[in-house]
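Each remark here refers to the structure printed beneath this line.
What follows is calculated from the coordinates using simple rules that are stated; it is not laboratory data. All figures in this text were calculated on a predicted structure; none of them were measured in a lab. Neighbour counts are summed over all protein chains in view; Cβ atoms, including those assigned to glycine, are modelled from backbone coordinates with ideal geometry.
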Amino acid sequence: MASRITHWNFVRIHKGMELPPRQVQVPHDWSIEDIPETQSPISATAVSGAPGGYSEGGEGIYSTVLSLDPAFRHRVTFQGVFGECEVSVDGEKAAEHFYGYTPFSLVIPSGREKAEIVLKVSNVGEVGRWYTGSGLYRPVELERLGEIALLRDGVSARASLTGSGWTLTAIAEAEGECEIQFDVYAPDGSLFASKVTTTMGGRIAEAVIEISDPVLWNPWDSDLSCKGEQPLYSLQARVVGCQGEPLSVSFGLREITLSPTEGMKVNGIKTLLKGGCVHHDNGILGASAYDSAEERKIRLLKQAGFNAIRTSHNPPSTALLDACDREGILVIDEVHDEWELPKRKDSYHRHFPRQAVKDAQAMVRRDRSHPSVWCWSIGNEILDSFTRPDICLLLKQAVLECDPTRPVTAGLCRPWWPAPDWVDWASSSEPGCRHLDIVGMNYMWREVRPDHESHPDRLMMQTETFPIEAWDSWKSVEQCPWNLGDFVWTAQDYIGESGIGQAYAAEGEPVQGAFPSHLAVCGDLDLIGDRRPQSFYRESLWRPCVLAAAVLVPERMAKPKIEGHWHPNWGWHQAESHWNWPGFEGEILTVSVITSFRRAAVWLNGRSLSEQQAGPETRNLLQFDVPYEPGCLEILGWDGEGHESRICLRTSGMASRISLQPEDPHGSMEMGDLVWLGVTLTDSEGVRCQDSDREVSLTVQGPAELLGYGNASMVDTDSLQDSLHRTYLGRALAVLRLTGKGEVRISAESQGLEKGEATLAVS
């Protein structure tokens, strides 16, 4: 099996000068590191501007010397490099690549004991509409090749349900005529089938294998019993008689049917897509696609009620899809944010005519065996989607050539620029929809019913929706079977598209998009993974017995809206989930109760204040006027059968302690793992202090290193690698990489507070 090339020499080029070389571990993103001569990863003068979160790209050079077995050829595969890059082997150009989100590879001939790899990366100019990251941000892999080798991503598994049962079509593509042995392993790891097939036409081998006693893959859903890891089969292929390494893919058994009358069914069960759009960055770790970071992202989204994601707007890492496979999360796998018309002057449109088909097929070839991937997307809000249906057809045909089993979509919206003849959806949409199997509707849930009247056989889904319109957009899914699901923008906050969730004035000046605002501030989850009130509201639409509360920020504390400014539909009500409002004693505060219960009541310090009926007629949102006094604000909820649930917002005292808590204290603690450590300010009774932020210094002793340390503030410009960072709403997050076996001791200190301590045992 392929091994990873993790250790590289790296030289960053800053202001035309090469900085001193240093050792880095891949995945690596230099844009999340401090800009040279500063203590911040962002700059007001960065060319990326507000779209890129004021991050700096630039240029960098990676190099490493590989130790090789001279009896074999070797293939080096780069899973993702941002941005444009050129690779040389022993001083000779071996590869170049222009799209930062698709893999590419090169082959080193046999007869070499060593080979020097040099990778030059350029991420210069106005490149992306969001934070891209820079460098070797996804893994690099090395594998030995025999005399005849399997092609990269040439092994795929296609499972289908026929009248006689489940059948696996195993496919392998090789460099030439050869025999391929296929081995199929059950979810429990046992070998249950083997077959040898000769390549047809000198390249492709195909074997049909019946699967007995099938175990089905199901998407996780709050309404179903599917909660644990999903059963995954494995297909391994190798060239008979060659000593090269085999290739393997995981796959699952599931049948998806689509119809405008019955919607989407998975294994015969009606399934509504409870979705969110996700960007590829991992918050304070930047774009670095650590396996465990991708796993954490999916785990948090699943806990928040999501059963589907859209990879906006590029192919994700393999690790993220692997996590979706295990957790039962359905995926729209997306490839392009623009075609030939540009959205930013230095972006991918310059390469689109030569590279678009190649990159689309690279995505499909790599991802086609993942059971989580149910749909391909060939574009998002494409400026030329309504004028160039020929491009749409070209990309669709390219996708179907590699995978004829999944539908093709694109996220469409009304054109961005003045074009009166196109603004009306009903009269202008046909060219853009003509070749799509499913029409993706961005911010157009109101068009779902009228569009159906004109096109009753058309399938659609809401590929982007505003958080503030969650009730209406979700009801459109529930009530319209041809509308397959809803994908909010966005599931988790991200770097770049600065301030789209806020459009307020600070000291008379706009903050939306203006430095130091560098986060979108629009996610159900914030940058470090904590849930915002809007997340609980969305969950209440999907699940019974949800109860949450937040306090609307009092008017004199709220950030004033900018008169005449673009309304921040990507935002949510200014509300905070705490009961710390000093200076407002006796004044009326508005408490928003989010609930899918039928009845809710508010108690304050043991006194019953008010009770209201809840449900569809209130859109799962109640408002209570509560006179503020410190103490315990208790929210009670009852379902239709009288079952009770309650939560409490408790006023904290003065911050006196620092709590250090691993997110998964019982999980794996092995060398190489990442550990997420919550840093929380609390009072003497352990209540989080959300109004008492301060700097907290971390000390790490033992076999671990601090990989990232930060908070969810949109205006915090401090270093994300420094051991000193400020909390935000009483919270920060540290990420440690375990570097060896033994005991790791972490301490947290802040002036005047009791020290926080945590111990990790690394096996």
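With q set to 0.20 Å⁻¹, the log10 of I(q)/I(0) for segment 186-302, from the Debye formula over equal scatterers at the Cα positions, is -1.18.
Its relative contact order, with pairs defined as Cα atoms under 8 Å and 6+ residues apart, puts segment 298-442 at 22 percent.
Its residues counted as N, segment 291-361 yields a C-alpha radius of gyration over 2.2 N^0.38 Å of 1.33. The residue among P139, V26, Q751 whose Cα reaches farthest toward the positive pole of the charge dipole of the chain, with charges on the beta-carbon of Lys, Arg, Asp and Glu, is P139. Listed from fewest to most Cβ neighbours within 10 Å, the set D29, D683 follows the order D683, D29.
Note on S427 and V196: their simple-model spin labels are 6.8 nm apart, each label 7 Å out from Cα toward Cβ. Under the criterion of Cα pairs below 8 Å and six or more residues apart, the relative contact order for segment 18-153 equals 34 percent.
For Cα pairs less than 8 Å apart in space and 6+ apart in sequence, what is the mean separation divided by the residue count of the chain, i.e. the relative contact order in percent? Relative contact order for the chain comes out at 9 percent. Taking a 31 Å limit on the Cα-Cα distance, which of the listed pairs K265/K297; K302/K475; K15/K297; K93/K297; K270/K297; K358/K475 fall beyond it? Flagged as over cut-off: K15/K297; K93/K297; K358/K475.
Shown is the FRET efficiency for V553 and D664, computed with R0 = 35 Å from the Cβ-Cβ distance and rounded to the nearest 0.05: 0.60. Computed per residue of the chain from DSSP H runs no shorter than four, each worth -39500 (n - 2.57), the mean residue ellipticity at 222 nm is -3500 deg cm²/dmol.
Using the Cβ of R607 as centre and a radius below 13 Å, the other residues enclosed give a net charge of -3, where K and R count +1 and D and E count -1. This ranking places S747, S347 by how few other beta-carbon atoms lie within 10 Å of each, fewest first, which gives S747, S347. Packing around the peptides 358-368, 51-61, 11-21, taken as the average count of other Cβ atoms within 10 Å per residue, puts them in this order, highest first: 51-61, 358-368, 11-21.
Extension gain, S43 to R22: 0.36 nm times the residue separation minus the Cα-Cα distance gives 5.3 nm. In this structure, the amide hydrogen of G615, modeled 1.01 Å from its nitrogen in the peptide plane, lies closer than 5 angstrom to those of N620, L621, counting only residues at least 5 positions away or on a different chain.
At q = 0.13 Å⁻¹, what log₁₀ I(q)/I(0) does a Debye calculation on the Cα points of segment 3-145 give, no solvent, two decimals? Once normalised to I(0) and log-transformed, intensities are -0.56.
At a Förster radius of 41 Å, what calculated FRET efficiency corresponds to the Cβ-Cβ distance of T167 and E478, to the nearest 0.05? The computed FRET efficiency comes out at 0.75. Name all residues of segment 119-160 having a backbone nitrogen under 18 Å from the label point set 7 Å from the Cα of H14 along its Cα→Cβ direction, giving them as ranges. Residues passing the 18 Å test: 121-125, 133-136. Plainly put, segment 547-650 has a radius of gyration that is 1.01 times its Kirkwood radius, both from alpha-carbon atoms, as the Rg/Rh ratio. In whole Å, how far is the Cα centre of segment 585-646 from that of segment 684-718? One Cα centre to the other: 32 Å. Taking one equal scatterer on every alpha-carbon of segment 150-254, how large is log10 of I(q)/I(0) by Debye at q = 0.15, 0.23 1/Å? Taking Cα atoms of segment 150-254 as identical point scatterers yields -0.63, -1.19.
Sorting the segments 31-37, 732-738 by their mean number of nearby beta carbons within 10 angstrom, highest to lowest, gives 732-738, 31-37. For segment 627-763, taking Cα atoms only, Rg and Dmax work out to 17.6, 54 Å respectively. The ranking of C689, C85 from fewest to most other beta carbons within 10 Å of each one's beta carbon is C85, C689.
A simple spin-label model places pseudo-atoms 7 Å from Cα toward Cβ; at R446 and R4 they are separated by 4.8 nm.
With Cα atoms as the point set, segment 341-398 shows a radius of gyration and Dmax of 12.5, 37 Å. Distance distribution P(r), the chain, all Cα-Cα pairs, bin width 20 angstrom from 0: 15, 49, 31, 4, 0 percent.
Here the extension length gained between R354 and K755 equals 138.5 nm, from 0.36 nm per residue of separation less the Cα-Cα distance.
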